[in-house]
Amino acid sequence: MLPTIVVLGREISLYGLMGVIGIFFGVLAAIYRRKIYHINKEDVIFSSCYAGIGLLLGAKLLFIITIIPDLIKNRDLLIANPKLLLHILFGGLVFYGGLIGAFLGFYIYSRQYKINFITLLDLIAPSIPLIHGFGRIGCFTAGCCYGIEYDGIFHVIFERSQAAPNGVALLPVQLISSGINFLGCIALFIYARKKRKSGRVIGIYLIFYSIARFMIEFFRGDVARGIFYGVSTSQWISLLLIPIGFWFYTKKFSTVEEETMN
Amino acid sequence: MENQNNNKATASLVLGIVSLVFIFFNMYAFVGIILAIIGLVLGIQVQKESPENGMAKAGVVLCIIGLALCALTFIACVICVGGALSSLRFFY
C-alpha cells in the first residue's frame, strides 16, 4: 500500500513507524495501569526497555531460524553475494520470537531488580495486543504477511509491494489480524481493570492469541515461511503456548493476592 | 561506588549520543542499536541505584530515542518473514 513515507528528505518505513507508535502507546497504557499492581513508573519504563531489547533480538533470531533451510539451499549464491545475505538477514522479524524475547527481557529485569515477574507480565498483557495491532497495520502498509488469493468483498490489490504479489486480489489478513488484536486489547483492558489473581491476565492473553493466530495462519498467503509437517512455525508455537497459557491461568503463584471482589 | 556510577552515567550519555549519529548510516544503524542497548542497560543500573543522577537520566532518554530511531532506520521497507523470503525466492 504505502511502504515508506518521506520525512525531512529521509525515507521512513511505515512498518517500523507503526511498531514504534504501538510500543509508545503500549508503554503509556502500562503506565496508566501500573497503580493496580503497585509498580512505580520508572520500573514500567525500564522493564519495557529491557523487553524492547528482547523483542528486537528475539524477533530477529526466530526469523533467522525459520529461514535457515532456504539459506542452506541458496548458500552458493549467498556466499558469492554477501550483500544479498545481509539484506535477507536484516529484512525480517517474527512476532512470536519478539514475544518470547520480550518475556525474557521482563524476566531478566525482574530478577535483576527484585520485582515480581508474573505481576509485570499481568501489567503488560493488555499492551501486547495493542502493540501487535499497530504492527499488523504496518504489515499491511508494507504488503508483507499477506493473505490468500481472494476476490470477494474487501479484497486488496497491491501495486508496488516488495513482499506481496502485485496485481493479485488478496484477503487483507493483516487488517483482520490487527482488528482481532485490538478487540483482544479492549477485552483484556476490561477484564484487567481491577486486580485479578496473579497470572490470569497473561494466561488469558496467551490462550486467546494462540487460538486466534492458529486460525489466522490458514488464511496467510505467504507460504514461504517455515512449514513443518503441514503446519507453520507460528502454529507450532501457538500449540505450545495454549497449555502454557492455561498453566499461567490456573497456577497459584506464591505471591498470589486474593482477587478483588467489589 | 558513587564514582563508578558517575562513570557508568557518562558512558550511557556518550553511547546515547553516538547511537543517534548512526541514524544517518542506513543499514549500519544496527551498530547504533547495539550502542543504545549497552547505554540503556548502564543508565538504568545507575538510575536504580541513585535516581537523582541527572546524567544517567539524560543517558537513558537519549538511548531510548537512539534505539527507536536506529530501529526505524534499520528496519527496511520489507520487514516480515514473507517479504524477505520472497526476495530470496527470486533466486531459486
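The values are calculated or read from the model by the stated rules, or taken from the named source; none is laboratory data. These figures come from a predicted structure and were not determined experimentally. Virtual Cβ from ideal backbone geometry, glycine too; neighbours counted across all protein chains shown. Each accessible area value is taken on the protein alone, full model and side chains, heavy atoms only, with ligands, DNA and RNA left out. Shrake-Rupley method; radii C 1.70, N 1.55, O 1.52, S 1.80 Å.
Numbers for the structure displayed
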| item | result |
| --- | --- |
| Residues whose placed amide H lies under 5 Å from that of A:Leu93, excluding near-sequence neighbours | B:Cys80, B:Val81 |
| Filtered trypsin sites (Lys or Arg not before Pro), the range A:8-63: DSSP coil and at most 14 other beta carbons within 10 Å | none |
| Across A:Lys41/A:Lys83; A:Lys35/B:Lys57; A:Lys197/B:Lys48; A:Lys114/A:Lys194; A:Lys251/B:Lys57, pairs whose alpha-carbon gap is larger than 31 Å | A:Lys41/A:Lys83; A:Lys251/B:Lys57 |
| The range A:1-68 versus the range A:121-159: alpha-carbon centroid distance in Å | 15 |
| Span from the the range A:174-215 Cα centroid across to the the range B:1-21 one, whole angstrom | 39 |
| Whole-Hz couplings from phi, Karplus 6.51/-1.76/1.60, listed for the range B:5-21; x for Gly and Pro | 4, 5, 4, 5, 5, 4, 4, 4, 5, 5, 5, x, 5, 5, 4, 5, 5 |
| Local electrostatic count, A:Gly54, Cβ distance below 15 Å [Lys/Arg +1, Asp/Glu -1] | +2 |
| Peptide A:137-146, shielding by other chains (average Cβ, 10 Å cutoff) | 4 |
| Percentage relative contact order, the range A:4-194, counting C-alpha pairs under 8 Å, at least six apart | 25 |
| Mean residue ellipticity (222 nm) of chain A, computed from DSSP H runs ≥ 4 via -39,500 (n - 2.57), nearest 500 | -21500 deg cm²/dmol |
| 20 Å Cα-Cα reach of B:Lys8 towards aspartates and glutamates, excluding residues that sit fewer than 8 places from it in its own chain | A:Glu42, A:Asp43, B:Glu49, B:Glu52 |
| Loop-resident sites, the range A:134-232, for trypsin sites (Lys or Arg not before Pro), counting at most 12 other Cβ within 10 Å (DSSP) | A:Arg160, A:Arg193, A:Lys194 |
| For residues of B:65-73, the mean tally of beta carbons on other chains within 10 Å | 4 |
| Per-residue HN-Hα couplings for the range A:63-80 [Karplus 6.51, -1.76, 1.60; θ = phi - 60°; Hz; x = Gly/Pro] | 4, 4, 4, 5, 9, 3, x, 5, 5, 5, 4, 9, 4, 4, 5, 6, 5, 6 |
| For the range A:34-109: accessible area per residue (Å², 1.4 Å) | 47 |
| In Hz, Karplus ³J(HN,Hα) per residue of the range A:106-122 (6.51, -1.76, 1.60; θ = phi - 60°; x = Gly, Pro) | 4, 5, 4, 4, 5, 5, 5, 10, 6, 10, 5, 5, 5, 4, 4, 5, 4 |
| Sites excluded, GluC sites (Glu not before Pro) in DSSP loops with at most 16 other C-beta within 10 Å, longest stretch of chain A | A:1-158 |
| Packing-based ranking, highest mean first, of B:3-13, A:228-238 given that Cβ atoms within 10 Å are counted | B:3-13, A:228-238 |
| A versus B: buried accessible surface, summed, Å² (probe 1.4 Å, to nearest 100) | 3700 |
| Heavy-atom accessible surface of the protein assembly as shown: percent carbon and sulfur, 1.4 Å | 71 |
